[in-house]
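Notes follow once the structure below has been shown.
The values are calculated or read from the model by the stated rules, or taken from the named source; none is laboratory data. This structure is a prediction, so every number in the text was calculated from the model and none was measured. Note that each Cβ is placed from the backbone with ideal geometry, even for glycine, and that neighbours are counted across all protein chains shown. These area figures cover heavy atoms from the full protein model, side chains too; ligands, DNA and RNA do not enter into them. Shrake-Rupley method; radii C 1.70, N 1.55, O 1.52, S 1.80 Å.
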Amino acid sequence: MADPWNRPDDDIPFDLPAHTPRPGGIAARARVGAQPPGPAGRVPAYLDGLNPEQRAAVEATEGPVLVLAGAGTGKTRVLTTRIVHILSLGLAYPSQILAVTFTNKAAREMKERIGAMVGEQVEGMPWLGTFHSIGVRMLRRHAELVGLKSGFTILDTDDQIRLLKQLLQAEQIDEKRWPARLLANTIDGWKNRGLTPDMVSAGEGAAFANGRGQKLYADYQARLKALNAVDFGDLLLESIRLLRENPDVLAEYHRRFRYILVDEYQDTNVAQYLWLRLLAQGSHNVCCVGDDDQSIYGWRGAEVDNILRFDSDFPGAKVVRLERNYRSTGHILGAAAHLIAHNEGRLGKTLFSEGESGEKVTVTGAWDSQEEARAIGEEIEALQHQGRALSQMAILVRASFQMREFEDRFVTMGLNYRVIGGPRFYERAEIRDALAYLRVIASPADDLAFERIVNVPKRGLGDAALRQIHDHARAVGVPLVEAARQLVGSEELKPKVRLTLRDLVASFDRWREQMAAMPQSQLAEIVLDESGYTEMWQKDRSADAAGRLENLKELVRSMEPFENLVGFLEHISLVMDAEGSGAGDAVSIMTLHSAKGLEFDVVFLPGWEEGLFPHQRALDEQGRAGLEEERRLAYVGITRARRFAKVFFASNRRIHGMWQSSVPSRFLDELPENHVEVTESRGGHGWGGATSAGRYGYGPSRFDEAQTFGSSYSTPGWQRAQSHAQANAQANAQNNSAGGRREGQFGGFSEGASRYSPGASRGGASGGRVIEGHLVASSTGAPSRFAVGARVFHQKFGYGEVAAAEGNKLTVQFDKAGEKRVLDNYVEAV
DNA sequence: ACCCTTCTGCTTTAC
DNA sequence: GCAGAAGGGT
C-alpha cells in the first residue's frame, strides 16, 4: 500500500489568497514559520470585532483549552476564527488540523465559514468532519489492521436489527421477551462507552436474555466481520482499537494532528472521549468548545461529565468562559438563567447582554391542547400583521406527537408551516428500498440489502424461497446473491421461483454492467423502473404513495453531483439530512432537541406540563439526572429566542389516546417573577387542573423556593387554579393513604403519573421511585372508584354512563360524544 | 403468499 | 388513537 501520508494534496502549503486588501492581512502571514504579530504588530482583520474572551479563546493556541460557550455567545465564530488564526500564523497546514463536529450540518457550516474567511481553499481541510466520518477515514486507511477490508459497508440501525434478529433466532431466544431492538440499544450503549465484548462485565451482560447479552454481542461482532461490515458504534470503537493496538499508527496521527478542535464537547460519549484523548496525547493542543447547560443527549450516551471533568483530564487546561450573549433580550436571559440555576451539576456561567431588556417571557395557560394551538395560531397571525416574518417564528415541542395539533390548526387557518426533523429522508422505506437495490449492485456481497428487496415489490420470493437461498449460502459459504445464482442453475427450486429468481439475478448482473457506462442517477432510474419498484408505488392508492414517488425522484436528483455510485453510497451512509428546504415563508415546528443551535425572533414553547415536560420517563428512568437534563432542554428552548419567548401549558391533553388533565410544569415555578408575565388565554376557561407541583415536595427543598409568585401570579385564573390545587391535593392525600401507599406522591398529580408509566397503566403498579431520598415519580394501580353503569360527567365529553371499568381506566358511553376511554379521575360522579 | 385481525407500545434521535 | 408487527386463516 502506498504511503497514505504522502499524498500530494496533503502537504501543499495552504496559500491563503489575498482576501483582504489590507497590507499585513492574513495573506501576508500565510506561510510556514510566519511569526505571530508582536506586541506592536497590527491586529489581523479576522480578529476584529471579537470580544476579549473570544479573542483569548482564539489566541490560546497551545495546550489544552476548554471554551465554555453559553447560548448565543459566538461559539462557532470562535471555533472558525481559531482555525483561521492557526492557519494564518502558519502554525499548521490545513491537513494537520483535526476539527470534529457531531453533525454533518455543523461540519458543512464550519467549512463554509472558514471558506468565507480565507477564500475557497477549504478543500485543504481533509480532517474537518464528524466523529464518524473521520472514523471511517481512519478505518478505510488501515482496515486490514482491525480485520476489515477497505471496502467495508456501514450498517444503519435497520440492518443492525435484522442481523440481530437472525442471531436471536439462532440462539432460540424468545424475541417477544427479548426484542432485537432492545439488544441493539444495549450493544449501542456498550459501544458508546467504549466497551468491546470482552470488556462487558458479567453484571452488564446479564442485562439481556439472562446473561446471554455478552455472547450475543460477541456473535454480532463476528457476524459483522464476516460481512465486512461495521455499525456506527464501530466507527469509533474500531478506531480506538486501531490506535491502541498499533502504536506506530497512533504515532503517525500524533505527528499529523498538531491542533485538535472539538465542537459541542458536552455531547461527547465515552468512546468519543477515549478517541480524542488518544489523539490528543500527541500535541496536547486540544481545544474543546461546549456548554454544559446545553447537554441534552444523555439518553444516547453523551456524558456531561466529560466537560465537567475537562480540567483533570487535560492537566493545565485553560478555561475560557464566553458569557456575553449577542442573541436575546435581558428578560429572556434572566428567565433562562434563573431556570438553569436550579441545576446542581454544572460549571456555572452567567450570561449577560448589553442589549435592551425587551419583553418579559410570557406564560399562558390554556384549557386543552387544542386551545393552546389556537392561541398560538392567533399570536402568530397577530405578529405576522405587525410585519414579522413567519420564518422568524418557531414552535418548539418536547415530543413530536405534539406537532400534530399545530399542523391541524395551521392547515385550517391557512398558515404556512414547516416541520423540521421528523422521519428523515434517508430513513423512509422507499428511500431505503431504493438504496438497497443500489447497494446490491455496488457490492454484491451486501446480504442485508439483498434480503431487504428480494421480494420488494412482491414477486413471489417469500420466506420459503429466502430460506433456501440462505441455507445454500451458508452451506457453500458465499453471499446470498451468489447462492441465488447457483440455485437458479440447479433443480432445487420450484420452477416458478426459479424463473423469478433467475430474472432477478440477471437484472442485477445487467445493472452492474451498466454501472460503468452511465451516470449513477440514470442507472438508478433504470433500476427503479425495471425492478418494478416505481410501478409498485404507482399502483398503490394510499395517500402517501404520491409523496413516496416524489421522494424517489428527489433521491435520483440528489445522486447527480457524485462522482460515481460508490461515492454516493458512501456519502449516504454517513449523511443524515437530505431534507429539501421547503420554499416560502413558514413557521417552523420542531422538537426542542432539533432546535439546538438555532435561533428565532419569536419562540413558542407549548406543553409545559408535568409528565410531558419534564417528561415522566426521564424522571422515572434517570431520576435527578433526568430532571436536570429536562431542565437543560427548557433552557435550550428559552435561549433560542431573540425577542419573544412564549411559554404555554394546557390543563387537558390527549396522550396515548386518552384525555388526561395535567399540572403545570415545575419549570414554570422556576422562572423568575421579575422576568415573566402570566397571561390568560382568551377563551375564558383558564385552566382547571391544579397548580404547579413545585410545592408538593418531590424535589429538593430549594426547588420550592421559587413557588412564591408575587403580583404577577395573582391573576384570577392563577388564583382559581391555586384553590383547585389545594382541593386536589387533599383529595389525593386521602386516596393515597386509603390505598396504603406512602405519602409524598405528586400531590395533584399522583393519578396523572400513572398514565405516563406504562407498567402501571397496564396493571403492573410500579410504585414510587425514590432517588437520592426524594420521591421523583410514582404511579398507582388503585382500582376504579366507579362501577359499571354509574352516571358520570367529563369535562370534555359531558355526561355519560360507565360501560366498563378496568383499574383506573374507564370505558364510558357518553350521551353526545359516544364511547370513549378515559381515566377515572377526569370524570366526576353525578 | 397474502390478507385480515389482534396485540402492543407510546420522548428525544446524529452518525 | 394509531401504527407497526406478528400470527392465524384462507
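Here's the yes/no breakdown for (1) surrounded by 14 or more Cβ atoms within 10 Å (Cβ to Cβ); (2) at pLDDT 90 or above; (3) closer than 21 Å to A:L480 by Cβ; (4) of a type in the set (G, A, S):
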position: A:F508; (1), (2), (3), (4): yes, yes, yes, no
position: A:W511; (1), (2), (3), (4): yes, yes, yes, no
position: A:M518; (1), (2), (3), (4): no, yes, no, no
position: A:L523; (1), (2), (3), (4): yes, yes, no, no
position: A:V527; (1), (2), (3), (4): yes, yes, yes, no
position: A:W537; (1), (2), (3), (4): yes, no, no, no
position: A:D540; (1), (2), (3), (4): yes, no, no, no
position: A:G547; (1), (2), (3), (4): no, no, no, yes
position: A:K553; (1), (2), (3), (4): no, no, no, no
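Here's the yes/no breakdown for (1) aromatic (F, W, Y); (2) modelled with pLDDT under 90; (3) open to solvent by 10 Å² or more (accessible area, probe 1.4 Å):
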position	(1), (2), (3)
A:R631	no, no, no
A:F644	yes, no, yes
A:A650	no, no, no
A:E680	no, yes, yes
A:H685	no, yes, yes
A:Y696	yes, yes, yes
A:S714	no, yes, yes
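Answer with yes or no whether A:L155 is among the aliphatic types (A, V, I, L, M), within 13 Å of DNA strand B (Cβ to nearest atom) and crowded, with 20+ Cβ neighbours inside 10 Å.
Yes.
Considering A:G489, A:G460, A:G477, which residue is within 16 Å of DNA strand C (Cβ to nearest atom) and more than 38 Å from the chain's Cα centre (by Cα)?
Exactly one residue qualifies, and that residue is A:G460.
Open to solvent by less than 50 Å² (accessible area, probe 1.4 Å), within 16 Å of DNA strand C (Cβ to nearest atom) and either closer than 20 Å to A:W275 by Cβ or under 22 Å from the mean Cα position of the chain (by Cα) (or both): which single residue out of A:A184, A:A106 fits that description?
Exactly one of A:A184, A:A106 is open to solvent by less than 50 Å² (accessible area, probe 1.4 Å), within 16 Å of DNA strand C (Cβ to nearest atom) and either closer than 20 Å to A:W275 by Cβ or under 22 Å from the mean Cα position of the chain (by Cα) (or both), namely A:A184.
For the stretch A:129-144, give me the residue count where each residue is surrounded by fewer than 16 Cβ atoms within 10 Å (Cβ to Cβ) and not basic (K, R).
The number of residues fulfilling the criteria is 1.
If you take the residues in the stretch A:162-173 that are open to solvent by less than 80 Å² (accessible area, probe 1.4 Å) and among the charged types (D, E, K, R), which one is nearest to DNA strand C (Cβ to nearest atom)?
The selected residue is A:R162.
When you go through (1) without any contact (Cβ under 8 Å) to a residue 24 or more places away in the chain; (2) outside any helix (DSSP H, G or I); (3) under 25 Å from the mean Cα position of the chain (by Cα) one by one for A:G387, which number turns out not to apply?
So A:G387 meets the others, but not (3).
How many residues does the stretch A:222-247 contain that are at pLDDT 95 or above and of a type in the set (S, T, N, Q)?
2
For the stretch A:479-519, give me each residue that is more than 16 Å from A:P444 (Cβ to Cβ) and aliphatic (A, V, I, L, M).
Hits for the stretch A:479-519 are A:L493, A:V497, A:L499, A:A517, A:M518.
Could you figure out which of (1) more than 28 Å from the chain's Cα centre (by Cα); (2) closer than 30 Å to A:R510 by Cβ; (3) surrounded by fewer than 19 Cβ atoms within 10 Å (Cβ to Cβ) isn't true of A:A429?
(1)
Output the residues belonging to the stretch A:595-620 that are open to solvent by 10 Å² or more (accessible area, probe 1.4 Å) and under 18 Å from the mean Cα position of the chain (by Cα).
Passing the criteria: A:K596, A:G597, A:L598, A:E599, A:H615, A:R617, A:A618.
Looking at A:G74, A:G38, A:G25 in this structure, which one is at pLDDT below 95 and under 34 Å from the mean Cα position of the chain (by Cα)?
A:G74
Can you give me the ranges of the helices (runs of 4 or more DSSP H) entirely in the stretch A:526-626 with at least 3 residues that are among the aliphatic types (A, V, I, L, M)?
Of the helices (runs of 4 or more DSSP H) lying wholly inside the stretch A:526-626, those with at least 3 residues that are among the aliphatic types (A, V, I, L, M) span A:545-559, A:565-574.
Need the failing condition index for A:K225 against (1) in a helix (DSSP H, G or I); (2) buried (at least 19 other Cβ atoms within 10 Å of the Cβ), just the number.
Checking A:K225 against (1) in a helix (DSSP H, G or I); (2) buried (at least 19 other Cβ atoms within 10 Å of the Cβ), the one that fails is (2).
So, in the stretch A:473-514, exactly how many residues are within 16 Å of DNA strand B (Cβ to nearest atom), of a type in the set (A, V, I, L, M) and in contact with a Leu (Cβ under 8 Å, 6 or more places away or on another chain)?
Total satisfying the criteria: 7.
Which one of the conditions (1) within 11 Å of DNA strand B (Cβ to nearest atom); (2) under 22 Å from the mean Cα position of the chain (by Cα); (3) not aromatic (F, W, Y) does A:M658 fail to meet, given that it meets all the rest?
The single condition A:M658 does not satisfy is (2).
Only one residue in A:G657, A:G626 is small (G, A, S) and away from DNA strand C (no atom under 16 Å from the Cβ). Which one?
Every option except A:G626 fails the conditions.
Output the number of the condition that A:G584 fails; it satisfies all remaining conditions of (1) over 23 Å from the mean Cα position of the chain (by Cα); (2) open to solvent by less than 40 Å² (accessible area, probe 1.4 Å).
Exception for A:G584: condition (2).
How many of the residues making up the stretch A:353-378 are of a type in the set (S, T, Y), farther than 23 Å from A:L390 by Cβ and open to solvent by less than 60 Å² (accessible area, probe 1.4 Å)?
1
Give the stretch A:328-359 a look and list any residue that's among the charged types (D, E, K, R) and farther than 24 Å from A:E628 by Cα, or say none.
Result: A:E354, A:E356, A:E359.
Restricting to the stretch A:521-538, name every residue that is within 36 Å of the chain's Cα centre (by Cα) and without any contact (Cβ under 8 Å) to a residue 60 or more places away in the chain.
Within the stretch A:521-538, A:S521, A:Q522, A:E525, A:I526, A:D529, A:T534, A:Q538 meet the criteria.
For the stretch A:67-82, name all the residues that are more than 25 Å from A:A341 (Cβ to Cβ) and of a type outside the set (S, T, Y).
A:R77, A:L79, A:R82
Would you pick out the residues in the stretch A:135-152 that are within 14 Å of DNA strand B (Cβ to nearest atom) and touching a residue at least 40 places away in the same chain (Cβ under 8 Å)?
Of everything in the stretch A:135-152, those that are within 14 Å of DNA strand B (Cβ to nearest atom) and touching a residue at least 40 places away in the same chain (Cβ under 8 Å) turn out to be A:G135, A:V136, A:M138, A:L139.
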